[in-house]
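As structure tokens, the structure follows; a few thoughts come after it.
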Amino acid sequence: MKTIRILIVDDTPENIQAAASILARQGYAIAFAEDGESALEQVTEVHFDLILLDIVMPDMDGYEVCGRLKKDLASKGYSCHLSDPKGRYRKHC
Amino acid sequence: MFFWATRDKTYYYYLTFLTSLFLTHCAHDIPISYSCITPTALFICAIAFLHLAFSLWEKKKKVFQSIHFLLHLFVFLSTSYHLVSVPGVSSPTLPAVLAKSGLLIQGIAFSFLIVKNIRLTLRDKRDAQRLSTEEIQARKKAESANQAKSTFLANMSHDIRTPMNAVIGFSDLLSGMSLNEQQQSCVRAISSGGKNLLSLINDILDLSKIEAKKMDSHPEPIRIRTLLDEIRKIFSLKIKEKQLNLHIEVADTVPALIVLDGTQLRRILFNLIGNAVKFTRKGHIRIRVHSEQPENKEKVLLVLEVEDTGPGIRADLHEALFQPFQQDSTSSERNGGTGLGLAITRHLVELMNGDITLRNRVGGGSIFTARFVDVPVVHTSSPSPSPSSSSDDETYDAAPKKIAFENLTFLIADDLQEHRDLLKKILAGKRIQCIEADNGPQAVERTRQHRPDVVLLDIRMPGGDGSMAARQIRESSELCHTPIIAVTAFALQQDREKIMASGLFDGFLAKPILQADLFRELNRFFPSTEVKDEKKEMLAGAPLAEVPQNIALLIQQLETELFVLWQEVCRTKVFGDIGRFADKMRAIGQESSCTMLFNYGERLKTQSNNFAVEKMKTVLYAYPDLIEQLRAAQQNIEKKEEEIDENNTNTDR
């Protein structure tokens, strides 16, 4: 069976560490990006089955990343999950 | 003369006008009909119309109030004139009498109106005055409430710091234990989180202390160049990580020793440079120090500039930035922080008799300029100690030395079991025996009983505080020489001074206790022996212990095939791939018996297994350095070979 690849996008390294530790234990292949720009680059190189996207990030926030992902890669059928600790952006979904 | 126009009197003017008109006609004894529209009446009508219009205007524009008044006067006078000059009236008719009495009444009413308005106006003024005094009182009240809040917070310092003692202290302790890498990285996360929280708390407390006017300046002779060197050291890691350049330029005119509050100056620089590092993604940070008024050798104007090539700050936000809880709103979300740093910095600068300004750098970025006026200069010919630069040298020496003491007995007095445990655990394995006490009297009793070599005394304890216990120990002739170290969460500068000024204590330790601080304090009383960390030494000495024979081939491999792989994992950042790359490095290192390569792979593997993003990145990005080092080693070898060759040829001759 093919390994499921997950990309974690978060500007806080500790958050990546925490999420990656949990997910890797379940047998997923984990990649990380610390900002939206590099996440978008990585997506062009590797196919990810799931992207965990932090909303509050410098320069390019989660929405913009999500928007550009959906626009550029609509055919690839990505599903975006928002990690939003403050629950402030729920209404946007 | 406009005082009477302060109220809405439109209706009254209108009524006055109509009455005047009516009464005039009555006085003329002319029946009110269409035929009575004489030029005079028309004139009055016109004026009345204007009057009305202006009355309505009055609500909008105060400028018209004077005109309004004149119009009113005119109406009054004209009607009076008509009354006086009624031609050919010999016997008083009823309407004429009515008109005359009416006009009289109107006159009286008008006078009343004026008087009333004067009174109203006066009252208005009084009210306004009273309001302003009320306002002042309210503001005073608010200010005192704010101050009370600040005082409260400043006093809360102790209670806020106490729980942090457990968090930071125990994680510090844990990190020294033999944990596996994953556990280590968890502990590091707790520790760094705790330290961040503590610095945040310290910021908030500082600001409240400043607001409560409890912050003082303690000028002392400092060496600004030494201070800047320290700061360079502190930021070197971050600067390197972000691949920035830090330039420190101190003009030759700046005196070697100046009298300023070193602690505060360090914090000012720390805040400004910290901000610069935080917001700059690319380019450099330049710190410029120069002084003016060199002809006056006693006092100088010291100017510190911190320049960065960050995004810069919009000019209209410059002032707000120095207010507490304000950040450039466009960036607060993304950079975190409380927005207190600059507010504190400004307060500190002002406290030191200076000012701070911000301007934008040409070509992007910002320049913060702090100017301190009348800074006394200490002439270097009279050597003066620099307490700030010498005493804190070790503060940033984060890794506590592995040391041991010679069979000592300690008394630990603290009302909280966990704090005693923490100290005990820090001291464990250092050949130190610990005796515990949980209140003051018990501490005195146990001291008498066990005669410890040192007493670590918590200041705030229920049932007899630390100062009282210390006094009792000091008063006893047989115990008075026992060193007593105050251990307390009252860590503010003035607390420390107060405690030390009491003369009861020989040392001071602020909670949260760090191992390094404790040992430094203990070292003042007892000599310690350094325990050699064998494992570390082995690693440090290892890299080129075995020089690989096929080094040229190895470098070639690293620069081509492996370099492509390295670039790929740097781009995709998949943990698993990085792990496999690390495995490969390890294998090659083993194969070619190159310890440096093997260690590199080992480190990378560990960090990627732990998902420790930051550390892994540091190792990963050090790959070019690795090649560089290998190449240097290769050159060394070649050099040596050449030398040997030369020697050989020499001996041949």
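The values are calculated or read from the model by the stated rules, or taken from the named source; none is laboratory data. All of these numbers come straight from a predicted model, not from anything done at the bench. Cβ atoms come from the backbone with ideal geometry, glycine included; neighbour counts cover every protein chain shown.
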(message) Please go through segment B:177-198 and give me each residue that is aliphatic (A, V, I, L, M) and within 19 Å of the chain's Cα centre (by Cα), ordered by number.
(response) B:L197, B:L198
(request) Could you tell me which numbered condition B:S528 fails, if it satisfies all but one of (1) more than 24 Å from B:E638 (Cα to Cα); (2) surrounded by fewer than 14 Cβ atoms within 10 Å (Cβ to Cβ); (3) modelled with pLDDT under 75? (result) (2)
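Residue by residue, here is whether (1) more than 28 Å from A:E37 (Cβ to Cβ); (2) of a type in the set (V, I, T); (3) away from chain A (no Cβ under 14 Å); (4) assigned to a loop (DSSP other than H, G, I, E, B) holds:
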position: B:L565; (1), (2), (3), (4): no, no, no, no
position: B:R571; (1), (2), (3), (4): no, no, no, no
position: B:I578; (1), (2), (3), (4): no, yes, no, no
position: B:F581; (1), (2), (3), (4): no, no, no, no
position: B:Q590; (1), (2), (3), (4): yes, no, yes, no
position: B:N599; (1), (2), (3), (4): yes, no, yes, no
position: B:L604; (1), (2), (3), (4): no, no, yes, no
(message) Kindly evaluate B:K214 against the criterion of being among the basic types (K, R) and either away from every other protein chain (no Cβ under 14 Å) or not in a helix (DSSP H, G or I) (or both).
(response) yes
(request) Filter segment B:362-393 for residues that are surrounded by fewer than 18 Cβ atoms within 10 Å (Cβ to Cβ), modelled with pLDDT under 80 and assigned to a loop (DSSP other than H, G, I, E, B) and give the result. (result) B:V362, B:G363, B:H379, B:T380, B:S381, B:S382, B:P383, B:S384, B:P385, B:D392, B:D393
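A quick yes/no check of all residues on (1) at pLDDT 80 or above; (2) farther than 30 Å from B:A510 by Cβ:
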site: B:S90; (1), (2): no, yes
site: B:L94; (1), (2): no, yes
site: B:I105; (1), (2): no, yes
site: B:L120; (1), (2): no, yes
site: B:E135; (1), (2): yes, yes
site: B:N146; (1), (2): no, no
site: B:G176; (1), (2): no, no
(message) Among (1) touching a residue at least 12 places away in the same chain (Cβ under 8 Å); (2) part of a loop (DSSP other than H, G, I, E, B); (3) out of contact with any helix residue (DSSP H, G or I) (no Cβ under 6 Å at 6 or more places or on another chain), there is one condition B:G503 misses while meeting the rest; what is its number?
(response) (1)
(request) Go through (1) modelled with pLDDT under 85; (2) exposed (fewer than 15 other Cβ atoms within 10 Å of the Cβ) and name the single condition B:D625 misses. (result) (1)
(request) Return the total of residues in segment B:427-447 being closer than 15 Å to B:V487 by Cα and either without any contact (Cβ under 8 Å) to a residue 12 or more places away in the chain or not in a helix (DSSP H, G or I) (or both). (result) 4
(message) I'd like to check something: does segment B:403-420 contain any residue that is touching a residue at least 60 places away in the same chain (Cβ under 8 Å) and assigned to a helix (DSSP H, G or I)?
(response) yes
(request) Read through the list (1) within 9 Å of another protein chain (Cβ to nearest Cβ); (2) of a type in the set (G, A, S); (3) loosely packed, with under 14 Cβ neighbours inside 10 Å, then give the number of the only condition that A:A19 fails. (result) (3)
(request) Go over the candidates B:I231, B:I222, B:I160 one by one and state the one that is in contact with a helix residue (DSSP H, G or I) (Cβ under 6 Å, 6 or more places away or on another chain), away from chain A (no Cβ under 14 Å), crowded, with 16+ Cβ neighbours inside 10 Å and not in a helix (DSSP H, G or I). (result) B:I222
(message) Taking the criterion of being within 24 Å of B:G193 (Cα to Cα) and facing chain B (nearest Cβ under 7 Å), would at least one residue in segment A:40-57 satisfy it?
(response) yes
